[in-house]
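Written out below as C-alpha cells is the structure these notes cover.
The values are calculated or read from the model by the stated rules, or taken from the named source; none is laboratory data. Bear in mind that the values here come from a model prediction, so they are computed numbers and not experimental data. With ideal geometry, Cβ positions are generated from the backbone for all residues, glycine too; neighbour counts draw on all protein chains shown. The protein model used for the area step is the full one, side chains on, heavy atoms only, and it has no ligands, DNA or RNA in it. Shrake-Rupley method; radii C 1.70, N 1.55, O 1.52, S 1.80 Å.
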Amino acid sequence: MTEALKIGIAGLGTVGAALFRILSSRHNMLAEICGREIVVTAVSARDRSRDRGIDVSNVAWFPDPVELATRADIDVFVELMGGEGDPAHGAVKAALDRGLHVVTANKALLARHGVDLAERAEKKGVLLNFEAAVAGGIPVIKALRESLTGNSITRIYGILNGTCNYILTRMQKENLGFAECLKEAQRLGYAEADPAFDIEGHDTAHKLAILTSLAFGTKVAADEVYVEGITNISIEDIRAADELGYRIKLLGVAQRTASGIEQRVHPTMVPTHSMIAQVDGVTNAVTIEADILGELMLSGPGAGGDATASAVLGDLADIAKARPGHQHGPALGRPAAHLEPYTRARMQSHEGGYFISLKVEDRIGVFAAIAAQMAKNGISLESIVQRPRPTDTSEFAGKTVILVTHATMEASVRAAVEAIRGEGYLTGEPQVIRIERTRAN
C-alpha cells in the first residue's frame with residue numbers, strides 16, 4: 001500500500017474534533033477506499049487540557065498553527081479555526097508556500113483572500129480544497145468545479161445559512177415572533193451568542209461570493225454583494241406571505257446578466273409549491289441553472305460537526321487518491337490568472353416583482369394615494385389589498401396595505417415608498433421583500 005497521507009489539524013473545535021474522531025474510527029475503511037492510510041500526526045489548538053472526547057496523546061501538539069504549518073511532519077494542513085485574518089490566514093499561506101496541500105472550511109478566509117491563496121497553491125502544484133466552506137455537507141463545490149464542466153451557468157441561488165432558515169421556519173410553522181425564535185436557536189446552539197453575522201446576512205454573502213467565482217469564472221468579490229438580513233421580518237410578513245402562496249427564505253442569489261454579474265443576499269418570497277420553499281430548519285439548499293444540464297438542486301445538512309467534517313473528509317480522500325505526478329486542478333475552477341475581474345451588473349428590472357407592506361392610518365384617500373404613487377413611479381401592480389390590523393389597539397389603529405408588483409426596478413420601488421413615507425399617513429416602517437420566481441416545483 002502507498003505510504004500514509006499525514007495530516008495536521010489546526011483547530012479542534014466541534015468540526016476538528018469530529019474529523020479526528022471519524023478518521024480514528026474509520027481508519028481501515030478509509031485506507032481501503034483511498035488505497036492508503038490517512039493519519040493525523042499533528043494538531044494545534046489553544047487549550048491542550050480541554051476534554052474534547054478524543055485522544056490526542058499520540059500526535060504532535062503545536063500551540064501555534066503557523067508553526068504546525070511550517071514544521072510538522074505532514075502532507076496536508078487542515079485549517080478549521082475560522083476567521084479571515086490571522087492565525088488562519090498566516091497559517092494557510094505558510095502551508096501553501098511550503099508545498100503542502102490545504103483543506104479548509106473557512107468561508108471568510110476564502111471570501112477575502114481566495115484568489116491569492118489559489119495562486120499560491122497553483123505555484124506549488126498543490127491542492128486547496130474547501131468543500132466544507134459552503135453549505136456544510138452538500139457537495140456543491142465539487143459539482144461546480146468538476147461535475148458541471150462545460151456547462152454555462154446562468155444563475156445560482158440557495159439557502160446558505162441554517163440559523164436564518166431555522167428562525168424563518170419556526171416563525172412560519174409555529175406562528176412565533178422573530179425574537180422568540182432567535183432565542184430558541186441560541187439555546188439549541190444553532191445561533192451564536194452574538195448572532196449578527198448570521199442574521200444580518202454576512203455569512204451567506206461570504207458563501208455566495210465563493211459560489212459566484214466558481215460559477216462564473218470571476219475573481220471572488222465579497223464586497224460587491226448586496227446584503228440584507230432577516231431582522232426586520234415580522235410574523236405579519238410571514239402570515240401575509242402564506243396567504244399569498246409564498247414562503248420567506250433568506251436567499252443568496254448570483255446571476256449573469258448582459259452587463260455583468262449580480263450578487264445579492266436578502267429575504268425572499270418563493271412560491272409555496274417550489275422545492276426550495278420546502279427546505280426547512282437548519283437544512284441548506286443550492287440550485288444551479290445551466291444551459292446543458294438545466295436545473296440542479298442540492299440539499300442537505302448545512303452545518304454541524306459531523307456534516308462539516310464529512311465534507312472535509314471528502315476533500316482529504318481526493319488528495320489521498322491522487323497519485324504522484326497527478327496534475328491538480330485549479331482551486332477556483334480555472335487558473336487564478338484567468339479569472340475575470342468582477343463586473344457588477346447594472347440595475348435591471350427584477351423579474352419576480354416585489355411584496356410591499358404598508359401600515360397606514362384608516363382614513364379616506366390613503367388607498368388611492370398609494371396607488372397613485374405606484375403609478376407615478378411606473379410600477380405595475382399585480383394585486384393590492386387592504387385589511388384591518390386586529391392586533392393593533394393603540395390610538396393609531398389602522399390598516400395594512402399589501403401590494404404585489406409585476407417586474408420592476410428596485411429604484412422605482414424605493415422611490416415610491418419614500419414618497420409614500422413623506423405623505424404622512426404611515427404608522428410604521430414599510431416592508432419591501434423581493435419575490436423570486438423559481439423553476440423547480
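Of note:
- Set I7, I54: member being under 22 Å from G304 (Cβ atoms), open to solvent by less than 10 Å² (accessible area, probe 1.4 Å) and touching a residue at least 40 places away in the same chain (Cβ under 8 Å): I7
- Residues of the range 22-44 that turn out to be among the β-branched types (V, I, T), closer than 18 Å to S310 by Cβ and without any contact (Cβ under 8 Å) to a residue 60 or more places away in the chain, as a count: 1
- Considering L381, L332, the condition of being hydrophobic (A, V, I, L, M, F, W, C) and under 19 Å from I210 (Cα atoms) is satisfied by L332 alone.
- Where helices (runs of 4 or more DSSP H) fall wholly inside the range 1-111, the ranges with 2 or more residues that are touching a Pro at 6+ places or on another chain (Cβ under 7 Å) and either of a type in the set (D, E, K, R) or at pLDDT 95 or above (or both) are 65-71.
- Of the residues making up the range 299-324, those that are modelled with pLDDT under 95, closer than 30 Å to V432 by Cα and open to solvent by 50 Å² or more (accessible area, probe 1.4 Å) are P301, A303.
- Tally, over the range 89-115, of residues that are without any contact (Cβ under 8 Å) to a residue 60 or more places away in the chain and within 18 Å of G217 (Cα to Cα): 1
- The residue that is most open to solvent (accessible area, probe 1.4 Å), among those in the range 231-250 that are within 22 Å of N284 (Cα to Cα) and among the basic types (K, R), is R247.
- Members of the range 15-37 found to be farther than 23 Å from A303 by Cβ and either open to solvent by less than 10 Å² (accessible area, probe 1.4 Å) or over 30 Å from the mean Cα position of the chain (by Cα) (or both), listed by number: H27, N28, M29, A31, E32, I33, C34, G35, R36, E37
- Residues of the range 107-131 classified as open to solvent by less than 10 Å² (accessible area, probe 1.4 Å), within 14 Å of A311 (Cα to Cα) and within 16 Å of the chain's Cα centre (by Cα), total: 1
- Just one of the listed residues (V282, V253, V270) is open to solvent by 20 Å² or more (accessible area, probe 1.4 Å), touching a helix residue (DSSP H, G or I) at 6+ places or on another chain (Cβ under 9 Å), over 21 Å from K359 (Cα atoms) and touching a residue at least 24 places away in the same chain (Cβ under 8 Å), namely V282.
- When the test is whether a residue is under 29 Å from the mean Cα position of the chain (by Cα) and under 26 Å from P341 (Cβ atoms), L100 does not pass it.
- Checked against the criterion of being free of Cβ contacts under 8 Å to residues at least 24 places away in the same chain, of a type in the set (D, E, K, R), within 24 Å of A133 (Cβ to Cβ) and loosely packed, with under 14 Cβ neighbours inside 10 Å, the candidates D47, D86, D64 yield just one match: D86.
Each row is one residue, and each column tells you yes or no for (1) assigned to a loop (DSSP other than H, G, I, E, B); (2) open to solvent by less than 20 Å² (accessible area, probe 1.4 Å); (3) within 25 Å of K219 (Cβ to Cβ).
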| residue | (1), (2), (3) |
| --- | --- |
| E262 | no, no, yes |
| V265 | no, yes, yes |
| M297 | no, no, no |
| H326 | yes, no, no |
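- Residue within the range 215-234 that is among the charged types (D, E, K, R), without any contact (Cβ under 8 Å) to a residue 60 or more places away in the chain and either in a strand (DSSP E or B) or out of contact with any Pro (no Cβ under 6 Å at 6 or more places or on another chain) (or both) present: yes
- Of the residues making up the range 326-358, those that are in contact with a Ser or Thr (Cβ under 8 Å, 6 or more places away or on another chain), within 30 Å of D315 (Cβ to Cβ) and not acidic (D, E) are L332, G333, L339, P341, Y342.
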